[in-house]
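A short write-up of the structure that comes next.
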Amino acid sequence: MTAPFRKPRPADPVWLSGAIWKEIEKTGTSAFLAACSPGIRLERWGDTLRALVSPSLAAGTEPFLPSSPPEISWKANRVIWQIDGEKTASLSLGSGWETEVQELGLGYGIDLSPGVAPGLFPDQRENRLTLRSLRPKSLLNLFAHTCAFGVLAASEGAATLNIDSSSRALGRGKENYARNKLGGTEHRFWAEDVRKVLPRLIRRGEKFDAIILDPPTFAHGAKGRAFRIAHELEPLLISCLALASRRCAILVSVNQSGTGESELATTLREILAREQVRARLRPGHRPPEVPPERMPATLWIFRED
Ligand SMILES: C[S@@+](CC[C@H](N)C(=O)[O-])C[C@H]1O[C@@H](n2cnc3c(N)ncnc32)[C@H](O)[C@@H]1O
């Protein structure tokens with residue numbers, strides 16, 4: 001009988017150097033991109049390694065257990081093998097899909113079930129570090145997802161308002177607050193469409209020291225009104241400017257192919273000039289392990305009027 005045809009195993013992904021690995025761990029972080037090659041990404045999520053393989057590479061390739069280089073002593077207790085974009089995955093070591101990770105010393109619940117958002121975007125880690133350094137007294141976290149920016153600001157003493165249309169994501173956000181022993185009425189969680197909430201906040205005269213504007217590129221609206229970043233960015237930013245205190249910092253993050261940092265800076269400068277708001281722009285920071293092409297365009301607006 002002829003042996004079944006198997007594709008040769010794809011080239012091993014290139015791991016972070018031991019020095020960068022240690023540098024990231026030293027910040028109290030256990031969720032980051034551990035290794036990559038064209039077609040394979042190995043993500044570390046706490047005690048778990050998740051291999052995301054492109055569909056073209058995956059066809060005919062058997063799942064294998066990726067081994068880390070000797071200078072990295074960390075060993076995964078669980079390995080998940082998943083074809084990128086597919087709704088199924090297999091475990092080649094360990095069991096279960098949920099885990100907990102640390103980022104900048106704070107804990108977050110992670111769900112690695114296929115087809116579910118893990119619950120943390122490690123590419124925003126450096127921007128969360130910037131937020132920490134600003135020590136705002138109040139934060140408006142728009143498109144909050146599982147509230148990672150909210151948790152960070154709350155841990156520094158800020159009052160926080162997290163808004164996301166997904167009550168499930170916000171429920172996970174509340175669990176993240178509880179996980180980090182952050183409670184109290186100064187933290188609010190509103191499951192609503194950001195576009196509907198902003199006019200209400202402006203009418204109430206609320207002001208914030210920091211605002212996170214990290215919208216999706218596209219989302220189906222709950223009641224039929226789809227969200228498209230190309231149409232929505234300008235009105236959203238104008239509303240944020242009305243909610244910004246005098247020295248407010250606003251993080252704008254856009255994850256759209258064709259919109260790099262310089263295109264985003266041009267758009268933001270035009271809006272600020274039209275609205276007659278004096279402000280300084282500063283590029284966001286990319287974590288050392290994230291390849292430039294996988295980073296959204298991020299800019300901080302520092303109000304100066
Ligand atoms: C890119 S994620 C935000 C990531 C988040 N800033 C973080 O760092 O974890 C986008 C979020 O926007 C939410 N969303 C999409 N359309 C929305 C809308 N119109 N109003 C409020 N939230 C919306 C989604 O539920 C999702 O959680």
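Throughout, read-outs are computed from the coordinates displayed, never taken from laboratory work. Not measured: the values here are computed from a predicted model. Reconstructed Cβ throughout: ideal geometry from the backbone, glycine too, with neighbour counts over all protein chains shown.
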Conditions (1) among the polar types (S, T, N, Q); (2) touching a Ser or Thr at 6+ places or on another chain (Cβ under 7 Å); (3) within 14 Å of H145 (Cβ to Cβ): number failed by N180
(3)
Tell me, yes or no, whether the range 216-229 has at least one residue that is in contact with a helix residue (DSSP H, G or I) (Cβ under 6 Å, 6 or more places away or on another chain) and under 23 Å from S167 (Cα atoms).
yes
Residue, surrounded by the most Cβ atoms within 10 Å (Cβ to Cβ), within the range 159-176, restricted to residues that are touching a Ser or Thr at 6+ places or on another chain (Cβ under 7 Å) and within 19 Å of L120 (Cβ to Cβ):
G173
Strands (runs of 3 or more DSSP E) lying entirely in the range 202-305 (those with 2 or more residues that are within 15 Å of the ligand (Cβ to nearest atom))
208-213, 244-254, 297-303
Condition first: over 29 Å from F143 (Cβ atoms) and either small (G, A, S) or free of Cβ contacts under 8 Å to residues at least 12 places away in the same chain (or both). Can you find one or more residues in the range 110-119 that meet it?
no
Report yes if some residue within the range 214-222 is more than 17 Å from the chain's Cα centre (by Cα) and surrounded by 20 or more Cβ atoms within 10 Å (Cβ to Cβ); otherwise report no.
no
Within the range 105-144, track down each residue that is touching a Lys or Arg at 6+ places or on another chain (Cβ under 8 Å), near the ligand (Cβ under 10 Å from one of its atoms) and either over 22 Å from T27 (Cα atoms) or assigned to a loop (DSSP other than H, G, I, E, B) (or both).
G119
